[in-house]
1. Could you list, bin by bin from short to long, the percent of Cα-Cα pairs of segment 1-106 in 5 Å steps?
2. Testing the spin-label approximation: label points 7 Å from Cα along Cα→Cβ at Phe150 and Thr104. State their distance in nm.
3. What distance in nm lies between label points placed 7 Å from Cα along the C-beta direction at Asp127 and Trp67?
4. Summing -39500 (n - 2.57) over the DSSP H runs of n ≥ 4 in the chain and dividing by its residue number, what mean residue ellipticity at 222 nm do you reach, to the nearest 500 deg cm²/dmol?
5. About the Cα centre of segment 60-144, how large is the charge dipole given +1 on each Lys and Arg Cβ and -1 on each Asp and Glu Cβ? Please answer in debye to the nearest 20.
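What follows draws every value from the coordinates through simple rules; no lab data is involved. Everything numeric in this text was worked out from a predicted model, so none of it was measured. Here Cβ is always computed from backbone atoms with ideal geometry, including for glycine, and neighbour counts include all displayed protein chains.
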Amino acid sequence: MFRIMFFQPCIPPNTGNAIRLAANTGCQLHLIEPLGFTMTDAQVKRAGLDYHEMANVTVHPDLPTAWESLRPERVFAFTARTDKRHTDIAYRPGDVLLFGPEPTGLPDDVLADPKVTDRVRIPMLPDRRSHNLANAACIAVYEAWRQHDFTGAV
């Protein structure tokens with residue numbers, strides 16, 4: 001399946017929702033520290049409901065450590081700073097779907113990281129800044145999974 005990566009997430013409920021997304025889709029969720037909360041935060045637990053035990057979640061101390069652990073072949077950085085749409089990619093199992101923190105998005109040094117295969121955006125109306133982090137991850141995961149005919153789903 002696919003690998004969701006949140007770079008330095010700040011808002012606990014978004015990460016809780018991503019835990020639930022990972023549990024329901026079979027994706028892995030990778031969180032890059034520093035986090036703006038603890039994994040025991042009540043808001044993380046509330047948003048993730050009882051899905052925490054069903055999700056594959058890993059917290060990495062930094063991005064280089066995550067790259068070393070994951071050894072990704074392809075990494076797609078989701079950003080408003082590109083013209084390529086997320087639907088223009090032919091996703092493969094194992095792809096990393098990388099998202100930045102709220103409200104700033106991925107910093108320039110992460111976007112320029114040599115591990116990043118391409119930058120992609122989720123379309124939205126003009127003069128809008130961004131999607132909610134958990135919603136953006138959901139849009140991306142379901143597009144990637146759809147391309148694989150929702151393998152394993154009921």
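1. The distribution over segment 1-106 is 2, 13, 23, 24, 21, 12, 4, 1, given as percents.
2. 3.8 nm
3. Each label point is offset 7 Å from its Cα along the Cβ direction, giving 3.9 nm.
4. -9000 deg cm²/dmol
5. Computed charge dipole of segment 60-144: roughly 240 debye.
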